[in-house]
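A.B. asks: Sharing a structure below in structure tokens format, with a few things to ask.
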Amino acid sequence: MQEQTITALRESLAAAGLPFVQDEPLAGHTTFKIGGPAAFWCTPHNAEELRSTLALCRENGARVYLLGNGSNTLFDDAGFDGAVIDMRGVAEMEHSDADNDVVRITAGAGQTLGRLCSKAQALGLTGLEFACGIPGTVGGAVYMNAGAYGGELKDVLESVTFLDDNLQLRTLPAADLAMGYRTSIFEQNPGWCILSVTVVLHRGDGAAVLAKMQELLGKRKEKQPLEWPSAGSTFKRPVGAFAGKLIEDCGLRGFTVGGAQISEKHCGFVINRGGATCADVVELTEQVKQIVKQKTGFVLEREIRVVK
């Protein structure tokens, strides 16, 4: 980012009273614990501040990256030469009863899936059990159609409200969001910014919902390397196979590049064993992709987003 742009954006944000800091280390804001500084780290407290921040970034020609819980993001070692916007301030949540069986919950994009699942369980609602333990925000979950244990967000999603390329407020029903395996219309339109998400759930037995969530959380703890920094599942599931099984069958359990390692507990995860860099992770995943293709014919695709 040119010094002139930096100065102009700093003055514009300060004049508007919008919260930000400069040269914020990004490693502390991702679950991978990797990444250099962001030129600007913006922390809007609500949707209106978010819209104003986006507008000023565009007016001043600054690149923007929207960050939720940082659970699927790998920032470059050099950082991000633009404005990283922390979405977690956009986290309002409310619910409404449509009839005796159906309840809608609307959550701000920065709300965590964990809090949304807890809200559903407290209300005795079923449908979100699969999402319990996914370490992201609802905005990020829509963006990539997050899923686990046979469920996906599209299964319960009713609509999404967002800002389009012109920062105009729009709402689309789930049927129009092109939601597929780890993708959605938002991935295809990076200029759009999710503001809120509405899910439709059904009344159930609160104790049964809690028991199912605890069961799935137990499975995650047992099978996944949650004790190490990572960005969750590293590769998408190829058609007809499982990434972790392919990697294991290729003898890559524990394969290491620098501080990055294929987890010995679950080969579908790359973990930060300490001091791992973005370059380490990228090199490791490229080598894994090459070996898996050579030995099995399957082509792996990274699920984590590498941001430079």
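The numbers here are math on the coordinates, done by the rules we state, and not lab data. Here the structure is a predicted model, which is why all the values come from computation and not from measurement. Cβ: placed from backbone, ideal geometry, glycine included. Neighbour counts: every protein chain shown.
A.B. asks: Using the 10 angstrom Cβ neighbour count as an exposure proxy, how do 101, 81 rank, fewest first?
C.D. replies: 101, 81
A.B. asks: May I ask which residue of 275, 306, 257 lies farthest towards the positive end of the charge dipole of region 226-307, with charges of +1 (Lys, Arg) and -1 (Asp, Glu) on Cβ and the Cα centre as origin?
C.D. replies: Checked the options; the winner is 306.
A.B. asks: In the structure displayed, which of 119/245; 33/223; 119/221; 221/308; 154/293 lie more than 25 Å apart, Cα to Cα?
C.D. replies: Pairs exceeding the cut-off: 119/245; 221/308; 154/293.
A.B. asks: Moving on. Can you tell me the length gained on complete extension of the stretch residue 166 to residue 220, counting 0.36 nm per residue apart and subtracting the Cα distance?
C.D. replies: So the chain would gain 15.4 nm between residue 166 and residue 220.
A.B. asks: If you don't mind, another one. Just to verify a number: FRET efficiency for residue 210 and residue 8, C-beta to C-beta distance, R0 = 35 Å, to 0.05?
C.D. replies: Numbers: r = 51 Å, r/R0 = 1.47.
Plugging the Cβ-Cβ distance into 1/(1 + (r/R0)^6) gives 0.10.
A.B. asks: Sticking with this one: Using a Förster radius of 35 Å, what is the FRET efficiency between residue 273 and residue 63 based on their Cβ-Cβ separation? Nearest 0.05, please.
C.D. replies: That gives a FRET efficiency of 0.70.
A.B. asks: Could you give the spread of the C-alpha atoms of the chain along their three principal axes, from largest to smallest, in whole angstroms?
C.D. replies: 57, 56, 31
A.B. asks: What are the extents of the Cα atoms of region 93-219 along their three principal axes, in Å, largest first?
C.D. replies: 45, 33, 22
A.B. asks: Suppose every K and R has +1 on its Cβ and every D and E has -1 on its Cβ; what is the size of the dipole of region 93-219 about the Cα centre, in Debye to the nearest 20?
C.D. replies: About 320 debye.
A.B. asks: Counting other beta carbons within 10 Å of each residue's own, what order do 54, 167 fall into, fewest first?
C.D. replies: Starting with the residue having the fewest Cβ neighbours, the order is 167, 54.
A.B. asks: Mind listing the long-range amide H neighbours of residue 306? Cut-off is under 5 Å, sequence gap 5 or more, other chains count too, H placed in the peptide plane at 1.01 Å from N.
C.D. replies: The list, which skips near neighbours in sequence, is 74.
A.B. asks: Could I ask something else about it? Enumerate the residues in region 193-209 having an amide nitrogen under 16 Å from the point lying 7 Å beyond the Cα of residue 100 toward its Cβ.
C.D. replies: 202-205, by backbone N distance to the label point.
A.B. asks: Given H placed on each backbone N at 1.01 Å, which residues far from residue 204 in sequence or on other chains put an amide H within less than 5 Å of it?
C.D. replies: 125, 126
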